[in-house]
Amino acid sequence: MSRLCLALLLSIALPTVAAAQGLSRENCRATRDILAQVIEGRKAGMSAKAVTARLSKGEQAVDEKYVETVPPLVKLAYSLEPAMLTGQVAKDYEAQCLSYKP
């Protein structure tokens, strides 16, 4: 029973802490979506440089406030084993983002 209470408290507290430190749900969701796009680009055979360029400038660019997140997310996605290139990676990233504590 105490484990259930602790899990409930953490599920409520962690997003609040993350939001207070600038990792809002909106930011975590947006960067999750960027990571998913990077993964799809890699799966389509695009180079890391091409994916970075596509998401950083031009018609398919991400919102300006997220452009600086593109290179590290590209680096992350291109460091993964091909078998790991699934939508679950982006979901797991979002969960970690929301629970991040410096």
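Quick one: if you stick a label point 7 Å off each Cα along the C-beta vector at THR86 and ASP63, how many nm between them?
Those two pseudo-labels are separated by 2.9 nm.
Checking the cross-link filter: which aspartates and glutamates have an alpha carbon closer than 16 Å to that of LYS75, excluding same-chain neighbours under 8 positions apart?
The reachable aspartates and glutamates, counting only those whose Cα sits under 16 Å from LYS75, are ASP33, GLU40.
Provide the packing ranking of 35-46, 61-72, i.e. peptides ordered by the mean count of other C-beta atoms within 10 Å per residue, highest first. Walk me through the numbers before you get to the answer.
Working: 35-46: 17.7, 61-72: 13.7.
My ranking of the peptides, most packed first, is 35-46, 61-72.
Accessible area per residue for region 40-102 in Å², computed with a 1.4 Å probe and the full protein assembly in place, what is it?
Ligands and nucleic acids excluded, the figure is 67 Å² per residue.
What is the percent carbon and sulfur in the accessible area of region 37-102, measuring with a 1.4 Å probe over the protein chains and ignoring ligands?
Whole-percent figure for carbon plus sulfur exposure: 55.
How many times 2.2 N^0.38 Å is the alpha carbon radius of gyration of region 19-102?
The reported ratio for this selection is 1.05.
The values are calculated or read from the model by the stated rules, or taken from the named source; none is laboratory data. This is a predicted model, so every value here is computed, not measured. In this analysis, Cβ positions are derived from the backbone assuming ideal geometry, glycine residues included, and neighbour counts consider all displayed protein chains. Accessible surface areas use protein heavy atoms only, side chains included; no ligands, DNA or RNA. Shrake-Rupley method; radii C 1.70, N 1.55, O 1.52, S 1.80 Å.
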